[in-house]
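> Before anything else, here's the structure in question.
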Amino acid sequence: IPLLLNGETFGSIHVGVSTVFLRNELTPRLQRALTLSAIAVLCSLMLAALLSHIALGPLEHINRSLDSMAEAEGSGLREQDGGRDEYGQVSMKIATLGRQMRDTREIFSALKSNVDQIMSSLQDGLMLFTRDSRVVLVSAAIEGFLGRSRRELLGRTANEIFSSESSLGSLMLDAFRLRHNVAQREIEASNGRRVQVSLDFIQEKGTQIGALLTMRDAESVRRIEDEIELSRRISASGRVTRGVAHEVKNPINAIVLHLQLLRNKLQDIDPATSRHVDIIDSEIHRLDRVVQILVDFTRPRDLHLEETDLKSVLEEVVLLAAPDAEQHGVTLVRELPPDSIPVKVDADFIKQAILNVVLNGVQSMPNGGNLTIAARRNEDAVITEISDQGTGIPTSVQDKVFELYFTTKKSGSGIGLAQTYQIMMWHYGSVEFDSEEGKGTTFRLRLPLAEVRSTSLEEATAQS
């Protein structure tokens, strides 16, 4: 340290300290300070961990519960006594919410399964659109109308599905753009099929929330309408026939009675007169049989339904039709499956219905040929196909084939095919045909399988 006097240095002081002395004095103090600091840090960490466990433990439990709910493991949630604090109440509410979500998910899954089954079995094509014209539901039948899979259609908008270049697409795009309904418009689809289209916009409280597109095969619709009209005509014709038959049968009975009395009084008549009386008697009985046939046709019948092997019925039909077939030079060809075909029917009526069609086919082949009787089954029904190589049915009269008394044959009565139609309706079946003039006709008789019919009857009884 310099020493100054009047600004001038006149000396200096030098101080010397031993490092050993300093080390001995400061080291213990530094060690104590470091030890206290370490203890303070350790205590702080332990206190922080304890506080973190106390504060974050319930949150971790809540987080695990939420993870379980997100992973559809709501069933793993348990109500725990979380105490009366806020965390405990939140935990209990989350457990309750998890149960509700699990129940809702199960209900939704069941509903979705039911809807999928319904949509798969519908013959009509259905598409459900959201408010922004996006598809959320598609039936299986829509694939046949649009030629695109359900998976490809789901999630797409109307603009992505339909093309303005096609008639159907142009109609749909205009309807979605203007937001107006389309009511049963018949139009040609891209695959050439005639389709009946309906588009209905769904509203809730005056606001459009979606749209439902329905597509039906126009030919099927016309066929159903024709069948309904035919049933109506047959029913009306039956009512008239019953009345006429009743009025005719009473005089016939009186004529038969008086003819018998006349025969008894004229015992010594000449052979010529007796022959005339016999002819009158024979023709009156024939007329009575015709009237009885009409009465039987139009009268409601009690069916004796029994589980029957349709294959055996078809074999019997072949035996019954064989003489007529041989007379016309027709070969009966059987294409029947090896296994039995169980149906619940009145065997006598079904035999008569099939025999009517077979004999009609035999009589339509004046030059002979093959008449094929085939049977095949699908999921819920059995189809009997009877194909001839005859003259075919003219297009102009095809819609009258099943009408009572209609016939194109000179000696026909017009009752056989009408009777077949009636019998198939009694058995909840159907009959239809395809025919081409000069090439032949194929009739298809559809009957429900025995197990399907039993299930339908049980459901109908339960609903009643």
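> Suppose R0 equals 45 Å. What FRET efficiency, 1/(1 + (r/R0)^6) with r the Cβ-Cβ distance, do residue 6 and residue 42 give to the nearest 0.05?
Efficiency at R0 = 45 Å is approximately 0.15.
> Skipping prolines and chain starts, which residues have an amide H placed within reach, meaning under 5 Å, of the one on residue 202, given they are 5 or more residues away or on another chain?
Long-range HN contacts for residue 202: 209, 210, 211, 212.
> Read phi for every residue in the range 23-40 and hand back ³J(HN,Hα) as whole Hz from Karplus 6.51 cos²θ - 1.76 cosθ + 1.60, θ = phi - 60°, with x for Gly and Pro.
So the Karplus estimates, Gly and Pro as x, are 4, 5, 7, 8, 4, x, 5, 5, 5, 5, 5, 5, 5, 5, 5, 5, 5, 5 Hz.
> Now for a different question. Let me check against my output: what whole-number percent is the relative contact order of the range 306-463, with C-alpha pairs under 8 Å and at least 6 apart?
24
> In whole Å, what three semi-axes, largest first, describe the equivalent ellipsoid of the range 119-217 built from its Cα gyration tensor (square root of 5 times each eigenvalue)?
Gyration-tensor ellipsoid for the range 119-217: 19, 15, 13 Å.
> Please identify which residues in the range 387-423 have an amide N closer than 16 Å to a label point set 7 Å out from the Cα of residue 367, following the Cα→Cβ vector.
388-393, by backbone N distance to the label point.
> Using Cβ contacts closer than 10 Å as the measure, can you line up 291, 431 from fewest to most?
Going from least to most buried by this count: 291, 431.
> Order of 139, 396, 387, 52 from fewest to most other C-beta atoms within 10 Å?
396, 52, 387, 139
> What ³J(HN,Hα) values, in whole Hz, does the Karplus curve 6.51 cos²θ - 1.76 cosθ + 1.60 give for the range 201-206 when θ = phi - 60°, with x put for Gly and Pro?
7, 8, 10, 9, 6, x
> Next question. Cross-link candidates for residue 439: which lysines have Cα within less than 20 Å, leaving aside residues fewer than 8 places away along the same chain?
Filter leaves 400, 409.
> Could you tell me the calculated FRET efficiency between residue 160 and residue 50, based on Cβ-Cβ distance and R0 = 60 angstrom, to the nearest 0.05?
Once rounded, the FRET efficiency stands at 0.50.
> In what order do 437, 403, 8 fall by count of nearby beta-carbon atoms within 10 Å, going from fewest to most?
8, 437, 403
> Also: Against the globular-protein guess of 2.2 N^0.38 Å, express the Cα radius of gyration of the range 306-463 as a ratio, rounded to two decimals.
1.05
Each value in this text was obtained by applying a stated rule to the coordinates, not by laboratory testing. This is a predicted model, so every value here is computed, not measured. Every residue, glycine among them, receives a Cβ derived from its backbone with ideal geometry; neighbour counts consider all protein chains shown.
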